[in-house]
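> One structure, pasted below without further comment.
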Amino acid sequence: MQALATTSARRLIVIFFLTAIAWPTRAQNAAGVTDKEILIGSCAALEGPSSILGRQTVVGAKAYFALANAEGGVHGRNLKLISYDDSYDPTKTQACFDRLMAEKVFALGFFVGTPTAVKYVPMAESNKIPVVGLFTGAQVLYAPLRHWIINVRASYYDETREQVTGLWNALNFHKIGVIHPDDPFGATVLEGVREAMKSHGSEPIAVASYPRQTTDVDAAIATVRAANPQAVVVVGPPNTVAPILKKAHAAGWKPLFLTVSFVGTDELISQAGADADGVVITQVVPPYYLTDLKAVAEYRRALGQYFPSERPNFVSLEGFSDAMVMVDGLKRAGKELTREGLVRGIESMHEVDLGLGPDLKLNYSAKEHKGLDHVIPTVVRGGRAVPFTDWSTAAPK
């Protein structure tokens, strides 16, 4: 009887140790990671008046993920992106974020918009989950440094500095106005213009806001027009900037209008038509038709193969570029993926050439989470955004 008890005890000990040995193998994968898959989550405007921006950002990211998966994925794991809608509405951010957390995603990316981003940032930080690539250049994402937030694009401060410098030095335009939505997006671009003008000992000659996501812009147009500015920075998504251009031109007001990359250049041209002609738009990725650039050619190939019904545009090219950074960071993190490892992997990217052109090389570090700072000014001519280096070519005709 005693021998039987001893044998049973030995069996229990063996089972215990086998379980202890097997447990780390089962537990080694981080949330959202299996031996075959890495799950990434996104919240973006998939519905509502600004849905073109969210949908195209996600399309671009998915196109690159599909390309990466076809080439073996990341350390043998396929990438899967799940995206949910927040309609570019700050009140919907918590529900969207909670939904992704319930899915136990490994990391986040490809978010769209400043008013929503300022809500997601503290959520991501409190959950210690990386966010890689946001379709916004809001300064709050860049300074102070946020460990879990990885920006790819140049900031709105970079864009407005390029705009003001070009206006001031090349065109001798010193009377600059701003029309912006009454939200965090409008506030950060306005502050960027003010900072840029401060370096010239000046400030905007007139500023007016309008209710976000509306076309209630008549009062703002009248206020800024009364100051007789030579140039006006118009802030907003395409569904609000297009009506501003149309109403201003219909009233006979034709200063040099400028806007930042968030406007969704191709959708703005589609909505504004001929009224978009002559508008200066600063870009953070090169034009999608410059297929001599390696990354642009890859983007066009992936879009044609995996999303043949989608037309190339600046927005999906940015989503594609953000996904390139995400995938490179995952590869650098090693096979035993951790969220901290992803951040460290991206921080190890120095002078990395994505194939977007010689001026667009990634530079990250533990003290810098903005990969790119180069801005490409373009002007709309004949329904296409044309890049330029000589600001005199952007003068109103």
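> Go through segment 356-372 and report how many residues are surrounded by fewer than 16 Cβ atoms within 10 Å (Cβ to Cβ) and in contact (Cβ under 8 Å) with a residue 60 or more places away in the chain.
Number of matching residues: 2.
> Moving on. Go through (1) part of a helix (DSSP H, G or I); (2) open to solvent by 10 Å² or more (accessible area, probe 1.4 Å) and name the single condition Leu81 misses.
(1)
> Moving on. Of everything in segment 146-194, what is in a loop (DSSP other than H, G, I, E, B) and either among the small types (Gly, Ala, Ser) or touching a helix residue (DSSP H, G or I) at 6+ places or on another chain (Cβ under 8 Å) (or both)? Give them in sequence order.
Arg146, His147, Trp148, Val152, Arg153, Ala154, Ser155, Leu171, Phe173, His174, Asp183
> Check Gln271, Gln230 and return the single one that is more than 29 Å from Asp373 (Cβ to Cβ) and open to solvent by 10 Å² or more (accessible area, probe 1.4 Å). Quick ask: steps written out before the conclusion?
Details: Gln230 fails: more than 29 Å from Asp373 (Cβ to Cβ).
Every option except Gln271 fails the conditions.
> Within segment 155-163, is even one residue more than 27 Å from Leu360 (Cβ to Cβ), modelled with pLDDT of 95 or more and over 17 Å from the mean Cα position of the chain (by Cα)?
The answer is no; no qualifying residue exists.
> Among (1) touching a Gly at 6+ places or on another chain (Cβ under 9 Å); (2) farther than 27 Å from Ile38 by Cα; (3) assigned to a helix (DSSP H, G or I), where does Val380 come up short?
The number of the failed condition is (3).
> Look at Val164 and say whether it is open to solvent by less than 50 Å² (accessible area, probe 1.4 Å) and either touching a residue at least 24 places away in the same chain (Cβ under 8 Å) or of a type in the set (Phe, Trp, Tyr) (or both).
yes
> Val58 passes all but one of (1) surrounded by fewer than 19 Cβ atoms within 10 Å (Cβ to Cβ); (2) among the β-branched types (Val, Ile, Thr); (3) under 16 Å from the mean Cα position of the chain (by Cα); which number fails?
All conditions are met except number (1).
> Here is a follow-up. Looking only at segment 90-107, how many residues end up being in contact with a Gly (Cβ under 8 Å, 6 or more places away or on another chain) and either at pLDDT below 95 or surrounded by 19 or more Cβ atoms within 10 Å (Cβ to Cβ) (or both)?
4
> Something else now. May I ask you to verify whether Val132 is at pLDDT 95 or above, surrounded by 23 or more Cβ atoms within 10 Å (Cβ to Cβ), within 17 Å of Ser261 (Cα to Cα) and hydrophobic (A, V, I, L, M, F, W, C)?
No, not satisfied.
> Still on this structure: Suppose we keep only residues that are open to solvent by 20 Å² or more (accessible area, probe 1.4 Å) and in contact with a Leu (Cβ under 8 Å, 6 or more places away or on another chain) within segment 309-349. Which one would you say is farthest from Glu37 (Cα to Cα)?
It comes out as Pro312.
> Tally time: how many residues in segment 35-63 are closer than 18 Å to Gly73 by Cβ, β-branched (Val, Ile, Thr) and assigned to a helix (DSSP H, G or I)?
Residues in segment 35-63 being closer than 18 Å to Gly73 by Cβ, β-branched (Val, Ile, Thr) and assigned to a helix (DSSP H, G or I): 0 in total.
The values are calculated or read from the model by the stated rules, or taken from the named source; none is laboratory data. Everything quoted here is computed from the prediction, not taken from an experiment. Every residue, glycine among them, receives a Cβ derived from its backbone with ideal geometry; neighbour counts consider all protein chains shown. Note: accessible area is taken over every heavy atom of the protein model, side chains too, but ligands, DNA and RNA are not part of it. Shrake-Rupley method; radii C 1.70, N 1.55, O 1.52, S 1.80 Å.
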